[in-house]
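Following: one structure in structure tokens, then a few remarks.
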Amino acid sequence: MIYDNITKAVFLRRPNRFISEVEIDGRREIVHVKNTGRCRELLIPGCEVWLTAPPSPNRKTKYDLVAVRKSNGVLFNIDSQAPNKVAREWLGTLGYDKVIPEYTYGDSRIDFYMERGSEKYLMEVKGCTLEIDGVGYFPDAPTERGVKHIHELIGALKAGYHSILAFVIQMDGVTEVRPYREMHPRFGEAVDLAKEAGVEIWFLPCHVEPDSLAIVEGGRA
């Protein structure tokens, strides 16, 4: 997944979860943050960030903030739309007969439905942007929607689908994602139930550049 244009800036502050103030070549600019998570360990005043300028009319802000370099030197993609985009590209290389995004199942919209022969698959994608001591964690904010989707995957498994919970790791050097139980205990409980039921857990490590995100390998818990 490649961004059409990229601009380097310095992060100044984040007044709310939707916008941040940055400095670009000496001038201050309000930009949209493409991640409503907390990102407190990433968006620290003075850190390097990267922006895109989508050619969308009637925007309130010119730029979207999509990447940040953490204090440890690691580059993170924090675009919440990127995991599904890069997962779609990656799934297209795996030989499925059919890949349908945003598939309605039960009372939820699951990220992907796939077919291979007579086998049917449902895959929910979560983007991981939280790293602690070399391990990825999800979520960095409570997500009742995420809990609901996991229970839908468990139900789909019982109905004969292959059910997959995939974590796209939006940073280099991390290969495992654990539930961040301190942030949302019910999400951790849901992951435990999913594993017990037989839902597949996939970890999808990525390589990050300021203007791109790419899945480099896939694994399972």
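The values are calculated or read from the model by the stated rules, or taken from the named source; none is laboratory data. Everything numeric here is computed off the predicted structure, so don't read it as measured data. Virtual Cβ from ideal backbone geometry, glycine too; neighbours counted across all protein chains shown.
The residues on offer are Met123, Met114, Met183, and the sole one that is closer than 16 Å to Gly37 by Cα and out of contact with any His (no Cβ under 8 Å at 6 or more places or on another chain) is Met183.
Can you tell me which of Val177, Val199, Val216, Val191 is among the aliphatic types (A, V, I, L, M) and at pLDDT below 95? Going through Val177, Val199, Val216, Val191 in turn, the sole match is Val216. Annotation: Arg69 fulfils all but one of (1) under 20 Å from the mean Cα position of the chain (by Cα); (2) surrounded by fewer than 17 Cβ atoms within 10 Å (Cβ to Cβ); (3) without any contact (Cβ under 8 Å) to a residue 60 or more places away in the chain; the unmet one is (2). So, Asp25, is that one outside the structural domain of Asp111 (by TED's automatic domain parsing), acidic (Asp, Glu) and exposed (fewer than 13 other Cβ atoms within 10 Å of the Cβ) or not? Spelling it out, Asp25 is indeed outside the structural domain of Asp111 (by TED's automatic domain parsing), acidic (Asp, Glu) and exposed (fewer than 13 other Cβ atoms within 10 Å of the Cβ). For the range 166-190, the set of residues classified as under 29 Å from Ser212 (Cα atoms), of a type in the set (A, V, I, L, M) and in contact with a helix residue (DSSP H, G or I) (Cβ under 7 Å, 6 or more places away or on another chain) consists of Ala166, Val168, listed by residue number.
Listed conditions (1) within 14 Å of Pro205 (Cβ to Cβ); (2) without any contact (Cβ under 8 Å) to a residue 24 or more places away in the chain; (3) not hydrophobic (A, V, I, L, M, F, W, C) are all met by Gln170, apart from (2). Screening Leu12 with (1) within 18 Å of the chain's Cα centre (by Cα); (2) not assigned by TED's automatic domain parsing to the domain that holds His207; (3) not aromatic (Phe, Trp, Tyr) gives one miss only, at (1). Quickly run through the range 96-114 and pick out the residues that are in a strand (DSSP E or B) and among the small types (Gly, Ala, Ser). Selection gives Ser108 alone.
Counting only strands (runs of 3 or more DSSP E) wholly contained in the range 116-221, the ones carrying 1 or more residues that are of a type in the set (Lys, Arg) occupy 119-128, 177-179.
Against the condition closer than 20 Å to Asp211 by Cβ and of a type in the set (D, E, K, R), how does Lys85 come out, does it pass? Taking the combined requirement at face value, the residue satisfies it. Of all positions in the range 95-104, none carries a residue that is farther than 28 Å from Leu43 by Cα and buried (at least 21 other Cβ atoms within 10 Å of the Cβ).
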